[in-house]
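Handing you this structure, nothing more for now.
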Amino acid sequence: MQRVNIIGAGKVGRTLMTLVAAAPELELGDVLGRKPLDGSNATAAVGAGRGVTGIGDLRPAELWVLSVPDDRIEPLAAELAERLDRRSTTQTASVIHCSGFLSSDVLTPLRALGWSVASCHPVLGFADPHLAAARFPGTLCAVEGDPAAARCAEGLVTALGGLPFAVDPERKALYHAAAVFSNNFATVLQALAQEAWAEAGVAPDIAARLGNSLLAGAAESVARLGPAEALTGPAARGDQNVLQRQRASVAEWRADAGPLYDTLSRMARQLKTDGVTGP
C-alpha cells in the first residue's frame, strides 16, 4: 500500500483526500494545511489521514502531493527541501504538484535531494470538493516530469479512477490557457448571456433555463460532432446583416462587449469555413 502525504487542504486537496482515502491500494498519510488546524479539520471531515500543524511533523511517504496555489509551490518546495535536509532524512520519494500552468521544474530543490518530481493536473472543476470527488472517475489528468515521479502520478491517477495523459512541460502555459478558454471563459460567457437576457427583459428563471439548455446542447453537439460541425448561428451562416445589427445592439448595451462580439463572430465564421478559428 502506497502512503500519500498531501500539503494543501483547500478544494483540490480535500477532493484528493476523499479519493485517496477511498482507494484500496492507497493510504492517506499526513495532511498539512495553510493554517494550523486546516489539516486536522480536513482529515476529520474525510475520516482518514493525520492532520499536522507544521512541516516538521510530516512523516515519510512514498508520494507527496502539493495541492497549493501556484504562487506557493516554488517557495514550499524550497522550504520542504531545507527542512527535510535539516532532518537528515535518507528517504527518497516522489513529489508532484497539481498546477496546470507550472512545470515540474519548480520542484527542483527537492530534485536536488534525490527526490523524483512531476506535475499532475486534473482537468476538472473543483468549486465543490464533494461534487469533484464524485465526478473524478474518467477525468483526464495531464502528467509530466521525471520518469519515476511521472509513473507515480500516473499510478495515482489510475488508482483514483482518472485517465493520465502526457503534456509538454515547455508548453504548459498554452495548455492551461486552453483549459481556461474551454472552462473559465465559457462560464464568463454564460454570465454575460444572463446579463444580456436580463437587459432584454427576460425573467431570471427563464434566462437560467435558456442558458442551461443551450450550454448542454452545445456540449453534447461538440462532443458528438466536433466544434466546426456543431457551430450554429448567424456567423456560421454568414448572415452579415444580423451580425452587424446584433453588434450594434450589444455595443449600445455595453461598450466593452461590442468588440468581444466582433472577435468571436469572426472566429466563428472562420471556424465554420476553414475548420480553425484563426490563421
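The values are calculated or read from the model by the stated rules, or taken from the named source; none is laboratory data. On a predicted model such as this, the values are computed, not experimentally measured, just so you know. As a convention, Cβ positions derive from the backbone with ideal geometry for all residues, glycine included, and neighbour counts pool all protein chains shown.
Which of (1) at pLDDT below 95; (2) small (G, A, S); (3) in a loop (DSSP other than H, G, I, E, B) is the odd one out, the single condition G161 does not satisfy?
All conditions pass for G161, except number (1).
Using beta carbons and a limit of 7 Å, which pairs, at least six apart or on different chains, have the first residue in the range 251-266 and within 17 Å of Q240 (Cβ to Cβ) and the second one surrounded by 12 or more Cβ atoms within 10 Å (Cβ to Cβ) and basic (K, R)?
Pairs found: G258/R247; Y261/R247; D262/R247.
Ok, one more. Looking only at strands (runs of 3 or more DSSP E) that fall completely inside the range 49-139, which ones have 1 or more residues that are under 26 Å from the mean Cα position of the chain (by Cα) and of a type in the set (S, T, Y)?
Details: elements: 50-52, 63-66, 94-97, 116-122.
In the range 49-139, 94-97, 116-122 are the strands (runs of 3 or more DSSP E) which contain 1 or more residues that are under 26 Å from the mean Cα position of the chain (by Cα) and of a type in the set (S, T, Y).
Condition check: charged (D, E, K, R), in contact with a Lys or Arg (Cβ under 7 Å, 6 or more places away or on another chain) and surrounded by fewer than 22 Cβ atoms within 10 Å (Cβ to Cβ). Does E82 satisfy that?
Values: charged (D, E, K, R): yes; in contact with a Lys or Arg (Cβ under 7 Å, 6 or more places away or on another chain): no; surrounded by fewer than 22 Cβ atoms within 10 Å (Cβ to Cβ): yes.
No.
Tell me which residues, restricted to the range 33-76, are in contact with a Gly (Cβ under 6 Å, 6 or more places away or on another chain), hydroxyl-bearing (S, T, Y) and free of Cβ contacts under 8 Å to residues at least 60 places away in the same chain.
The answer is S40, T43.
Continuing with this model, one more query. Has the range 95-105 got any residue that is within 20 Å of D57 (Cβ to Cβ) and modelled with pLDDT of 95 or more? Can you show your working first?
Pass one, the range 95-105, residues within 20 Å of D57 (Cβ to Cβ): 95.
Now restrict to residues that are modelled with pLDDT of 95 or more: 95.
Yes, there is a match, as at least one residue in the range 95-105 is within 20 Å of D57 (Cβ to Cβ) and modelled with pLDDT of 95 or more.
Any chance you could count how many residues in the range 165-184 are closer than 17 Å to F126 by Cα and not in a helix (DSSP H, G or I)?
Count: 0.
Next up: Being more than 25 Å from the chain's Cα centre (by Cα) and part of a loop (DSSP other than H, G, I, E, B) is the filter; apply it to the range 209-238 and report the residue that is surrounded by the most Cβ atoms within 10 Å (Cβ to Cβ).
Residue satisfying both the conditions and the ranking: L231.
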